[in-house]
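Student: Structure below; questions to follow.
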Amino acid sequence: MSPLSAPAHRRAPARRRAPTAGLAALPSFLLVILVACTGASSSVAPSPSSLAVASPTAVPTAAPTSAPTPTPVPAFPVTLTDDDGNSVRLAAQPRKIVSLTPATTEILFALGAGPRVIATTDFDDYPPAAVALPDVASYTAVDVEKIVGLGADLVIAGGNFFNPPEAIAQLRTLGIPVIVVYAPNIAGVLKDITLIGAAVGLPDAAAGMTATMQAGFDAVSTATAGLPRPRTFYELDTSTGTIYTVADRSFSAEMVTLAGAAPITTGSPTDYAISLEKLIKADPELILLGDAAYGVTAGQVKSRPGWKVMTAVKTDAIRAVNDQIITRPGPRLVEGLRALALAIHPDLALPAAVPIPPMP
Amino acid sequence: MSEAIVELDGVTVAYRERRVLVDVSLAIGAGERVALIGPNGAGKSTLLAVVSGLLRPIEGQVYLTGEPVDALDRLTVARRMAVVPGTANLPFATRVEEVVALGRLPHEDPFRGARPADRAAIAAAIERVGVGHLVGRDARELSLGERQLVLIAMAVAQATPVLILDEPTVHLDLRHQVGAMELLVDLNERDGTTVIAVLHDLALAAHFFGRLILLDHGRVVADGSAANVLTPARIRDVFGVDPSFVHLPMAVG
Amino acid sequence: MATHGETLVTARPRVVRSRGLRDRPVLLVGLGVVALVVALVLGVGVGSVAIEPGDTLKILANRFLGLDMPRTWTDATETIVVDLRLPRVLTAMLVGCALAVAGATFQGLLRNPLADPYVLGTASGAALGAAIAVLIPVRLVFLEFGLIQGFAFIGALGAITAVYKLSRIGGLSPLTSLLLTGYAVGSLLAAGLAMAMYLSGAALRQIFNYLLGSFDAATWPRFLATLPIILIASIAIMLRARSLNGLLLGEHTAAHLGIDVRRERRILLALASLVTAAAVAISGLIGFVGLVVPHVVRLLVGPSARLVLPLSAIGGAALLAYADIIARVAGGIPVGVVTAIIGAPFFLLILRRARTGYEV
């Protein structure tokens with residue numbers, strides 16, 4: 001799944017749109033630009049490569065063994081392989097980190113690298129401390145000049161066209177290390193957290209976080225193991241008339257599955273639109289409103305023409321969910337999975353949540 | 001007359017399998033003033049086109065100053081023959097003097113443009129044709145008559161031994177027609193320019209041109225003085241009208 | 001002859017235009033060069049990072065004039081000025097020059113004041129090429145030029161070659177045929193582009209950024225690679241100014257004035273297409289420059305290509321350089337929007353002040 005789960009413009013948060021033809025119809029292209037990509041296009045997605053940490057060239061100096069808890073010394077310089085397959089060499093521990101995706105920002109802050117983050121995007125919204133940071137990227141562009149001006153020594157960008165590849169290339173040409181992260185599935189998120197942890201010199205914090213998160217995922221899948229899996233329609237957006245939902249084998253589909261439901265998918269890994277006919281034929285038993293944050297209510301759904309034949313509408317099984325924590329490939333994913341599982345199985349008994357490190 | 005400056009030898013021109021000119025042979029000597037006349041579709045404009053090398057005959061040969069036209073490059077032809085266009089369709093605002101200056105294209109330096117000699121020729125042409133009072137005006141704003149004179153000035157600036165005009169009086173009122181004709185006579189008699197003009201107005205042709213060539217259905221039907229060419233029988237046969245409609249003044253020699 | 005002198009005086013009074021600028025094109029050239037120099041200094045001094053003007057000049061003097069300057073600036077600042085802003089300003093000038101020269105040439109060739117560099121399908125071809133490049137899951141960087149730029153270049157040239165070859169079929173006059181074929185091929189390619197955008201998924205935004213046109217991706221290698229193409233082709237066009245002048249009254253008259261119309265048309269078409277293709281390859285599709293600048297120049301110095309071409313080159317370079325500055329200062333809006341905002345009203349103003357309308 002693309003790390004993009006920024007609060008998309010209300011108009012069209014889903015990614016799939018057939019643009020009007022005709023190069024001269026610029027206004028229609030301006031509409032098209034508002035398409036937010038909440039899903040991945042796996043046709044162009046590079047498979048997330050396995051994290052390879054080359055042996056550090058400097059032998060880490062050990063702390064005095066008399067200390068009760070030896071402080072792990074970060075190993076720099078280090079060469080990491082990012083999700084695009086590029087080798088990125090970090091000469092020293094980064095002190096001025098720029099995050100170009102909201103998920104990355106959350107990861108950095110959760111790992112404890114928050115104080116070293118000097119800039120983020122203008123659509124970052126969590127944690128609150130990040131919102132106040134200077135903006136060096138918008139939805140469409142990256143301000144390379146500003147990044148250079150701030151003296152960044154590490155930039156973490158989103159793959160799969162989340163950030164313009166041109167900007168990434170330009171930053172690299174100017175000598176600024178850029179690590180590209182892209183998680184098409186849940187396992188990928190954990191890999192990215194490990195990668196980011198290694199990059200900022202906090203591998204132990206990363207290991208702890210991934211272990212906690214994995215345990216959290218496992219707890220949910222255990223709890224939902226024997227439960228019936230309702231056919232679930234996860235609504236991404238219907239505001240423009242086209243129905244957008246999860247694509248085959250996408251991040252969101254995986255989340256829904258892990259949360260104990262059988263997601264109704266579009267039938268294609270690259271297409272996010274589903275026709276109403278197909279949806280009616282699939283007859284969802286449960287409707288989850290991922291666009292609840294934009295004001296979509298169960299009442300509205302029930303009144304949509306043609307929708308009342310669905311089991312979910314008949315049984316009033318329409319529930320709102322917080323799409324952000326479900327689709328953002330960051331530390332709050334466990335929280336999202338738990339919320340999702342509870343939305344699917346309201347009486348589910350989950351063990352107490354283990355908190356991810358508190359965010360400043 | 002002196003040797004032929006423009007000569008056609010058995011020229012046949014076809015346009016999509018329709019023969020527009022058939023076996024035309026004629027010779028025009030240097031310094032002559034010739035009018036091409038005939039009904040619509042007789043092939044007059046085609047004749048001009050093939051003389052100036054724009055059209056290729058399927059048979060026969062056209063000679064310009066003794067050389068076959070199709071063997072000459074366009075630049076050489078342009079230095080020997082000027083063709084006054086029938087209309088001026090200008091896409092951009094163009095001043096009168098700039099239109100006249102186009103006539104120097106075959107002569108000017110390809111890279112550096114107009115030289116003092118060119119500028120002198122342009123000024124002289126403007127003066128000669130009498131459009132000096134129009135200098136500075138946008139050619140597109142002129143009346144049809146003024147525009148026609150400007151185009152003639154452009155051809156005059158080209159300073160070629162042969163001047164060709166295709167129906168130069170179509171848009172002009174009587175006064176302007178006469179003025180244009182007098183200019184042609186002047187160019188012909190004072191400068192020795194060979195003038196070949198397609199005219200639809202028989203009276204003008206008869207009055208101002210010593211030699212008329214009558215075309216009909218692609219063939220030269222008559223060639224000579226107005227009195228010899230425009231006989232009542234011919235007028236009836238070729239133009240299909242009662243000869244009494246056409247009142248010809250006595251031809252100028 | 002007494003008669004025709006007085007017979008031809010019309011009722012309209014003679015218009016006395018100021019003979020100033022037309023007779024002193026050198027003055028205009030000088031003004032243009034000054035404008036360019038100012039644009040260069042402004043363009044390099046302005047950006048999202050504030051840099052002391054003095055520092056900017058010192059950096060330039062130090063790097064390019066070899067003058068020894070006390071180093072009052074940081075490395076980051078120098079990188080910004082020399083590696084980010086300078087190629088950007090120069091690229092804007094180069095593209096502006098190319099578009100204006102191409103526009104003037106197409107207008108003269110097609111005898112159509114509404115022609116611009118994109119009229120024969122180059123825009124659609126370039127856009128489709130760029131879209132295909134984005135869709136190919138191959139990351140190919142050739143001399144740091146980029147796949148998008150290469151494909152856009154090929155697409156533009158391919159389109160106009162197709163238009164030219166197709167226009168020879170049929171009995172229409174060559175100019176009409178060219179225009180109509182250009183429209184048809186352009187529409188077809190635009191449809192292809194729409195299809196590509198539909199299939200693009202997450203890459204849609206990158207395609208769209210290309211369509212809007214920008215100088216964000218301006219780098220030294222790209223500038224230096226396209227500089228010779230555009231300069232040489234533009235100069236080659238200027239050397240053929242005579243042919244363009246000859247075409248003013250139409251093809252027949254041009255032939256009568258000694259122009260080999262078929263050959264010149266082919267050559268000029270090829271050169272103008274080359275220039276356009278190179279320009280859109282590195283900048284995307286920026287409108288208005290190619291349309292408006294030649295007209296403004298003609299209103300100042302008349303339609304002679306000998307003056308219009310070089311002055312359009314300078315004017316186009318200046319216009320686009322300033323437009324890019326404005327675009328950056330206004331917060332990164334697309335430069336094509338700025339050229340439209342400047343170009344359209346200015347054009348209308350000029351039209352109203354000019355004494356003649358532009359009816360063909």
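Student: Across the stretch C:41-90, what is the number of residues that are in a loop (DSSP other than H, G, I, E, B) and of a type in the set (Val, Ile, Thr)?
Tutor: Counting residues in the stretch C:41-90 that are in a loop (DSSP other than H, G, I, E, B) and of a type in the set (Val, Ile, Thr) gives 5.
Student: Then there's this: Restricting attention to the stretch A:188-207, which residues are out of contact with any Pro (no Cβ under 8 Å at 6 or more places or on another chain) and in contact (Cβ under 8 Å) with a residue 60 or more places away in the chain?
Tutor: A:Leu195, A:Ile196, A:Ala198, A:Ala206
Student: If you go through the stretch B:140-170, how many residues are in contact with a Lys or Arg (Cβ under 8 Å, 6 or more places away or on another chain) and without any contact (Cβ under 8 Å) to a residue 40 or more places away in the chain?
Tutor: Within the stretch B:140-170, residues that are in contact with a Lys or Arg (Cβ under 8 Å, 6 or more places away or on another chain) and without any contact (Cβ under 8 Å) to a residue 40 or more places away in the chain number 1.
Student: Looking for something modelled with pLDDT of 90 or more, surrounded by fewer than 21 Cβ atoms within 10 Å (Cβ to Cβ) and of a type in the set (Val, Ile, Thr) - is there at least one such residue anywhere in the stretch B:82-96?
Tutor: Scanning the stretch B:82-96 turns up no residue that is modelled with pLDDT of 90 or more, surrounded by fewer than 21 Cβ atoms within 10 Å (Cβ to Cβ) and of a type in the set (Val, Ile, Thr).
Student: Report yes if A:Ala339 is in contact (Cβ under 8 Å) with a residue 60 or more places away in the chain and either hydrophobic (A, V, I, L, M, F, W, C) or in a helix (DSSP H, G or I) (or both), otherwise no.
Tutor: Judged against the criteria, A:Ala339 is not a match.
Student: Grab the helices (runs of 4 or more DSSP H) fully contained in the stretch B:160-253, keeping just those with 1 or more residues being in contact with a Pro (Cβ under 8 Å, 6 or more places away or on another chain).
Tutor: B:174-191, B:202-208
Student: Still on this structure: So which of C:Val89, C:Val37 ends up being at pLDDT 85 or above and surrounded by fewer than 21 Cβ atoms within 10 Å (Cβ to Cβ)?
Tutor: Testing whether each residue is at pLDDT 85 or above and surrounded by fewer than 21 Cβ atoms within 10 Å (Cβ to Cβ) leaves just C:Val37.
Student: If you check B:Asp191, B:Asp118, which single one turns out to be more than 8 Å from chain C (Cβ to nearest Cβ) and in contact with a Lys or Arg (Cβ under 8 Å, 6 or more places away or on another chain)?
Tutor: Among B:Asp191, B:Asp118, only B:Asp118 is more than 8 Å from chain C (Cβ to nearest Cβ) and in contact with a Lys or Arg (Cβ under 8 Å, 6 or more places away or on another chain).
Student: Report yes if C:Leu120 is within 14 Å of chain A (Cβ to nearest Cβ), touching a residue at least 12 places away in the same chain (Cβ under 8 Å), aliphatic (A, V, I, L, M) and not in a helix (DSSP H, G or I), otherwise no.
Tutor: It is true that C:Leu120 is within 14 Å of chain A (Cβ to nearest Cβ), touching a residue at least 12 places away in the same chain (Cβ under 8 Å), aliphatic (A, V, I, L, M) and not in a helix (DSSP H, G or I).
Student: Tell me the residue from C:Asp216, C:Asp260 that is of a type in the set (Asp, Glu) and over 30 Å from B:Pro85 (Cβ atoms), please.
Tutor: C:Asp216
Student: In the stretch B:97-120, is there at least one residue being in contact with a strand residue (DSSP E or B) (Cβ under 8 Å, 6 or more places away or on another chain) and assigned by TED's automatic domain parsing to the domain that holds B:Glu146?
Tutor: Yes.
Student: Can you name the residue in the stretch C:286-332 that is surrounded by 22 or more Cβ atoms within 10 Å (Cβ to Cβ) and among the β-branched types (Val, Ile, Thr) and is also farthest from C:Ala104 (Cα to Cα) among such residues?
Tutor: For the stretch C:286-332, the residue satisfying everything is C:Ile325.
Student: Within the stretch B:51-90, which residues are over 21 Å from B:Val150 (Cβ atoms), within 9 Å of another protein chain (Cβ to nearest Cβ) and of a type in the set (S, T, N, Q)?
Tutor: The one that is over 21 Å from B:Val150 (Cβ atoms), within 9 Å of another protein chain (Cβ to nearest Cβ) and of a type in the set (S, T, N, Q): B:Thr76.
Student: Could you tell me which residue of the stretch C:236-291 is farthest from the other protein chains (Cβ to nearest Cβ), considering only residues that are polar (S, T, N, Q) and closer than 18 Å to B:Gly103 by Cα?
Tutor: Among those residues, the one meeting the criterion is C:Ser243.
Student: B:Leu204 passes all but one of (1) more than 9 Å from every other protein chain (Cβ to nearest Cβ); (2) within 15 Å of B:Ala82 (Cβ to Cβ); (3) among the aliphatic types (A, V, I, L, M); which number fails?
Tutor: Only one criterion is unmet by B:Leu204, namely (2).
Student: Now for a different question. Assigned to a strand (DSSP E or B) and at positive phi: is that true of B:Gly53 in this structure?
Tutor: Spelling it out, it is not the case that B:Gly53 is assigned to a strand (DSSP E or B) and at positive phi.
Student: Could you please find all residues in the stretch A:126-147 being more than 7 Å from chain C (Cβ to nearest Cβ) and either crowded, with 21+ Cβ neighbours inside 10 Å or not in a loop (DSSP other than H, G, I, E, B) (or both)?
Tutor: Result: A:Pro128, A:Ala129, A:Ala130, A:Val131, A:Asp135, A:Val136, A:Ala137, A:Val142, A:Ile147.
Student: At the interface with another protein chain (Cβ under 9 Å from one of its Cβ atoms) and not in a loop (DSSP other than H, G, I, E, B): does that describe B:Ala101?
Tutor: yes
Student: Just a yes or no: is a residue in the stretch B:141-148 under 21 Å from C:His252 (Cβ atoms), more than 8 Å from every other protein chain (Cβ to nearest Cβ) and either surrounded by fewer than 24 Cβ atoms within 10 Å (Cβ to Cβ) or basic (Lys, Arg) (or both)?
Tutor: Yes, that holds for at least one residue.
Student: So if I check each of B:Ala155, B:Ala205, which one is hydrophobic (A, V, I, L, M, F, W, C), out of contact with any Asp or Glu (no Cβ under 9 Å at 6 or more places or on another chain) and not assigned by TED's automatic domain parsing to the domain that holds B:Leu134?
Tutor: Selected residue: B:Ala205, the only one of B:Ala155, B:Ala205 that is hydrophobic (A, V, I, L, M, F, W, C), out of contact with any Asp or Glu (no Cβ under 9 Å at 6 or more places or on another chain) and not assigned by TED's automatic domain parsing to the domain that holds B:Leu134.
Student: Here is a follow-up. Just need a number here: residues in the stretch C:227-257 that are buried (at least 22 other Cβ atoms within 10 Å of the Cβ) and assigned to a loop (DSSP other than H, G, I, E, B).
Tutor: Total meeting the criteria: 1.
Student: Which residue is surrounded by the most Cβ atoms within 10 Å (Cβ to Cβ), if the candidates are limited to the stretch C:144-192 and must be out of contact with any Gly (no Cβ under 9 Å at 6 or more places or on another chain) and within 28 Å of A:Pro165 (Cα to Cα)?
Tutor: C:Gln149
Student: What residue, among those in the stretch A:148-200 that are surrounded by fewer than 24 Cβ atoms within 10 Å (Cβ to Cβ) and among the hydroxyl-bearing types (Ser, Thr, Tyr), is nearest to the other protein chains (Cβ to nearest Cβ)?
Tutor: A:Thr173
Student: Which of the residues that make up the stretch A:234-259 are over 20 Å from the mean Cα position of the chain (by Cα) and in contact (Cβ under 8 Å) with a residue 12 or more places away in the chain?
Tutor: A:Thr238, A:Ser239, A:Thr240, A:Thr242, A:Ile243
Student: Further question: Only one residue in C:Val134, C:Val26, C:Val49, C:Val89 is more than 14 Å from chain A (Cβ to nearest Cβ) and either of a type in the set (A, V, I, L, M) or under 19 Å from C:Gly155 (Cβ atoms) (or both). Which one?
Tutor: Just one listed residue meets the conditions, C:Val26.
Student: Report yes if C:Val16 is assigned to a helix (DSSP H, G or I) and either modelled with pLDDT under 85 or on the phi < 0 side of the Ramachandran plot (or both), otherwise no.
Tutor: Taking the combined requirement at face value, the residue does not satisfy it.
Student: When you scan the stretch A:212-225, do you find a residue that is surrounded by fewer than 19 Cβ atoms within 10 Å (Cβ to Cβ), modelled with pLDDT of 90 or more and either within 28 Å of C:Asp55 (Cβ to Cβ) or β-branched (Val, Ile, Thr) (or both), even just one?
Tutor: Yes: the stretch A:212-225 contains one or more residues that are surrounded by fewer than 19 Cβ atoms within 10 Å (Cβ to Cβ), modelled with pLDDT of 90 or more and either within 28 Å of C:Asp55 (Cβ to Cβ) or β-branched (Val, Ile, Thr) (or both).
Student: Okay, moving on. Output the residues belonging to the stretch A:266-284 that are part of a loop (DSSP other than H, G, I, E, B) and surrounded by fewer than 20 Cβ atoms within 10 Å (Cβ to Cβ).
Tutor: The answer is A:Gly267, A:Ser268, A:Asp271, A:Ser275, A:Asp283.
The values are calculated or read from the model by the stated rules, or taken from the named source; none is laboratory data. Note that this is a predicted model, so its numbers are computed, not measured. All Cβ positions, glycine included, derive from the backbone under ideal geometry; neighbour counts span all protein chains shown.
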